[in-house]
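Asks: One structure, as structure tokens, below. Some questions next.
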Amino acid sequence: MNGIHEVFMIARAQTLIALCSTVPGYWFTVAFIDIMGRFAIQLMGFFMMTVFMFAIAFPYDHWIKPDNRIGFVVMYSLTFFFANFGPNATTFIVPAEIFPARLRSTCHGISAATGKAGAIVGAFGFLYAAQPQDKTKTDAGYPPGIGVKNSLIMLGVINFVGMLFTFLVPEPKGKSLEELSGETEVEK
């Protein structure tokens, strides 16, 4: 396989995952956010991501066999679906609703920047962590890591911690922005 063909194959796979899981996940969020609520969607998303990460990680040797590639892609796609029908959507919707009006844009910006920083740490951290423990098998320029299986287990644990932190977030469903920020004034 030459370089151009390999890039095409990777791009095609990423496009299929996006079209079959990421985009529908966002549309499910749009459809159900006012029915289920932000809290339930975020909790469910983190829970399902935890389940699918562990379902990929623990039998990882099963999933890397050529006959099981389609099953791996399905499991991986379901993880993306629940990331987008979950915390990927709610973590930018909820901050816009729960902060007081006078601080809303600043606090939402801080929340967004923190999320972006976490994404950068996660993306680059996974590249390093997923490297094999055997130094002779690592990609050029990378130190030995903990391996893909252990990295996926670590991601499952991080998803579980995210699920626990969801319990600290108030449910804004059905409330006005004034009610959420405590800025309603009683006229006498």
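The values are calculated or read from the model by the stated rules, or taken from the named source; none is laboratory data. For clarity, every value in this text was computed on a predicted model and none was experimentally measured. Note that we place each Cβ from the backbone using ideal geometry, even for glycine, and neighbour counts take in every protein chain shown. Calculation scope for accessible area: heavy atoms of the full protein, side chains included, ligands and nucleic acids excluded. Shrake-Rupley method; radii C 1.70, N 1.55, O 1.52, S 1.80 Å.
Asks: In degrees between 0 and 90, to the nearest 10, how far off the longest principal axis of the chain does helix 148-166 point, with axes built from Cα atoms?
Replies: Rounded to the nearest ten degrees, it is 10.
Asks: Any idea of the accessible area per residue across the chain, 1.4 Å probe, to the nearest Å²?
Replies: On the way: 12050 Å² over 188 residues.
For the chain, the per-residue accessible area is 64 Å².
Asks: So between Arg12 and Ala117, what do we pick up on full extension, going 0.36 nm a residue minus the alpha carbon distance? Don't skip to the answer; put the middle values down first.
Replies: On the way: separation 105, 0.36 × 105 = 37.80 nm, distance 2.76 nm.
The Arg12-Ala117 span can extend by a further 35.0 nm.
Asks: Could you give each residue of segment 49-57 its phi-based ³J(HN,Hα) in whole Hz, using Karplus coefficients 6.51, -1.76, 1.60 with θ = phi - 60°, and x for Gly or Pro?
Replies: For segment 49-57, the Karplus curve yields 5, 4, 4, 6, 4, 5, 5, 7, 6 Hz.
Asks: Now, a different point. Here are a few candidate values for mean projected area of the Cα convex hull in nm²: [x] 13.5; [y] 11.8; [z] 12.8. Which one was actually calculated from the structure I just gave you?
Replies: [x]
Asks: Given +1 on the Cβ of Lys and Arg, -1 on the Cβ of Asp and Glu, and no further charges, what dipole in debye does segment 3-175 carry about its Cα centre, rounded to the nearest 20? Display every interim value, and only then the final one.
Replies: Numbers: 12 positive and 8 negative charges, 61 e Å.
Approximately 300 debye in magnitude.
Asks: Just to be sure I understand the curve: with the Debye formula and one point per C-alpha of segment 1-111, what is log10 I(q)/I(0) at q = 0.16, 0.18, 0.22 Å⁻¹?
Replies: One equal scatterer on each Cα of segment 1-111 leads to -0.83, -0.94, -1.13.
Asks: Cα axis of helix 69-84 to longest principal axis of the chain: angle in degrees, 0 to 90, nearest 10?
Replies: 20
Asks: Here's a follow-up. May I ask for the angle, rounded to the nearest 10°, between helix 3-17 and the longest principal axis of the chain, with both axes built from Cα atoms and the value confined to 0 to 90°?
Replies: On a 0 to 90 degree scale, this one is about 40.
Asks: Over the chain, what relative contact order in percent results from Cα pairs under 8 Å that are six or more residues apart? Provide the component values of the computation, followed by the final result.
Replies: Values: 202 pairs, mean separation 54.2, N = 188.
About 29 percent, as a whole number.
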